[in-house]
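**Student:** Structure provided below as structure tokens; questions to follow.
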Amino acid sequence: MLRRMGVTVALIGIVLATAAKLAAGDAAVEAKDRLRENVKYLSSDELEGRGIGTQGLTTAGNFIREEFQKLGLAVDRVQGNAYQKFDLISSAKLGDKNSLQFIGPDGKTIDLELGKDCEVCSFAGSGEFEGEVVFLGYGIEDGESKYNDFDGIDVAGKVVIIMRRNPQQGNAKGPFSGHGTSRHAELRTKLIQANQHKAAAVLFVNDPYGVKQKAESREKSLAKATADIAALADAYLATPEADPKEKLTAAIAKWKTQKDAGAKAVDDELLKFGYAGYGDDKPMIPAFHITQAQINAMLKAALKTSLTDLETEIDQNFKPRSQVITGWKAKGAASVVRVRSDVANVIGILDGTGPKAEETIVIGAHYDHVGRGGANSLSPGSTDVHNGADDNASGTVALLELARRFTARPQKLPRRLMFIAFTAEELGLLGSAKYVKEPIVPLDQTIAMFNMDMVGRLHEDKLTIFGSGTSQRWEPELKALNEQAGFKLTFKPEGFGPSDHSSFYGKKIPVLHFFTNNHPDYHRPTDDWEKLNIEGIERVVTMLEKLIVMTAEKPEKPDYIEVKQAPTAQRGGTRPYFGTIPDFASEGEGYGISGAAPGSPAEKGGLKDGDRIVALGENKVTGLDDFDLALRKFKAGDEITVTVTRDGKPVVLKVTLEPPR
């Protein structure tokens, strides 16, 4: 009898275990179905790429808020609702007064036509100007390569002509080799250099090398299409009943499309208004993009030369050819009106219970993307919807799934969970910066932040986790959980990085950021939901769910560790190390910071959260870009004066720069 009962108990145990496995399997299937449906919706064309200023972004935010509410999260903790609102510059438009004219030595004026001869640059400033015209080469001042277009010429009050890109583009071993889109080639970098040298305005012009390359590339492409047709025609003639006929028809259609496009192509194409972004509200000189024909006419009349000749001379000996275009003036006005849009973080809260209920764990993912392209797109000129399925609809649906699982638990956790869908991450972590500046729960009660950004392309089980060194608990706990999860983990100890966890780590909160790595569709219209690994998202969610439970239930909160390194949110490279942490959400004069990296020159020099750097030595600073350029004028070991505004008053500090990192 006892033996029979033992067998029965064992059978019951097997049945219950099997039922539990089946139930778990069903739950995983249901989770994957939810993830798939939600990500299809968030990355649909209907939501317009969730770009700043689009109705699609607002619709996505409302969807997240409704899901939070349906799941049972509190959505009334931000002044009675779920939205932490703020506004930012989302686009720009032309104002009423935009004109450009050249005035020759004889006083004759040449009026340039907008859209035909020139275009206003949306990233530059507004205002009227008049001044002598100076050819300023590439507008580069670079101590590292010892190339300086400003050397020996005073451009203060003058209108400067600057070619795009940089010298010696055809030289694979040249000083700017491999840097066609380097900081020196960036239009805003050139504009800031001219602004710092007190130019009145900038006239950008396409560099002859770039125009030539564009034409040659088109010709090579057409030649290849012609060769393909010839090869397929030979194959078809040899075996007319075989496949080559269909391929030949397709090849002919492709050739015709390329030929028609080539006939309409403009090699010296003007940059459309909106190219390179919309700038900011900080003071900046006006800029136009102008055709080569207009510049060449002036150069020929005054200097008996051309852009091609000047570019060739610069390339031959790497010496600038900056010079006044004698007798010529430029006069004009630009009116760039910045358009601001309302945006919002979406916040839902699940309260804890017990003595540690006020301690908070933040779980986050950004829900914005890049809309129809623009400055943040890696498909230049594209106006297609960039659906952002991986970046970051994948993280957003993972956030919703975690909220579902925790609200379904029969018992409350001992600590509060705060779910935040951040906005404006793509513009510089603006949503998370807004939150840490105006937190819903005091930051000293926030014990950890877990972030998910691009968790939809799991491949070969490779999962990268940033912030693993920000608490001594993280790596051991993750390794233990991974025994069941089965990922190939890569640990990155740094707490700073290009996603929203960085804002929290800057406030001395331990963080983790989950990431399934980059791919060719990043920031392109091809980042679509069909390419996602839905099962992979569910696996990431399951692992993070268990980690959150551990963090919520352990009596001790995670310790915070300062990882000694430069933040990746700051530009690095060959310039001296300074160590500030940008505050991308701040507005006002100068370059706002949210703190200094531990042990950095900035920290040692006394810079702190809330400071706005307005000068490095004698160099005026209006933002991060010109801070970066000004810093490159110094070298490691230099002690420099740093002027900041603190609580509305100027403060002068001394900082000793360190070697690049």
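The values are calculated or read from the model by the stated rules, or taken from the named source; none is laboratory data. Small disclaimer: the values here were computed from a predicted structure and weren't measured. For neighbour counting, all protein chains shown are included, and Cβ atoms are generated from backbone atoms with ideal geometry for every residue, glycine included.
**Student:** With the checklist (1) of a type in the set (D, E, K, R); (2) at pLDDT 95 or above; (3) out of contact with any His (no Cβ under 6 Å at 6 or more places or on another chain) in hand, flag the one item E119 doesn't pass.
**Tutor:** (3)
**Student:** Can you find a residue in region 200-213 that is over 30 Å from A250 (Cα atoms), part of a loop (DSSP other than H, G, I, E, B), in contact (Cβ under 8 Å) with a residue 60 or more places away in the chain and in contact with a strand residue (DSSP E or B) (Cβ under 6 Å, 6 or more places away or on another chain)?
**Tutor:** Yes, region 200-213 contains a residue that is over 30 Å from A250 (Cα atoms), part of a loop (DSSP other than H, G, I, E, B), in contact (Cβ under 8 Å) with a residue 60 or more places away in the chain and in contact with a strand residue (DSSP E or B) (Cβ under 6 Å, 6 or more places away or on another chain).
**Student:** Look through region 521-578, keep the residues that are among the aliphatic types (A, V, I, L, M) and part of a loop (DSSP other than H, G, I, E, B), and return whichever of them is modelled with the lowest pLDDT.
**Tutor:** Checking each candidate, the answer is A569.
**Student:** Of the residues V455, V441, V436, which single one is of a type in the set (A, V, I, L, M, F, W, C), modelled with pLDDT of 95 or more, in a helix (DSSP H, G or I) and more than 17 Å from G61 (Cα to Cα)?
**Tutor:** When all the criteria are applied, what remains is V436.
A quick yes/no check of all residues on (1) part of a strand (DSSP E or B); (2) farther than 22 Å from R404 by Cβ; (3) in contact with a Phe, Trp or Tyr (Cβ under 7 Å, 6 or more places away or on another chain):
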| site | (1), (2), (3) |
| --- | --- |
| V324 | yes, yes, no |
| G332 | yes, yes, yes |
| D342 | yes, yes, no |
| G348 | yes, no, yes |
| T353 | no, no, no |
| A357 | no, no, no |
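**Student:** Quick one: count up the residues across region 214-271 that are under 37 Å from the mean Cα position of the chain (by Cα), at pLDDT below 75 and not charged (D, E, K, R).
**Tutor:** 9
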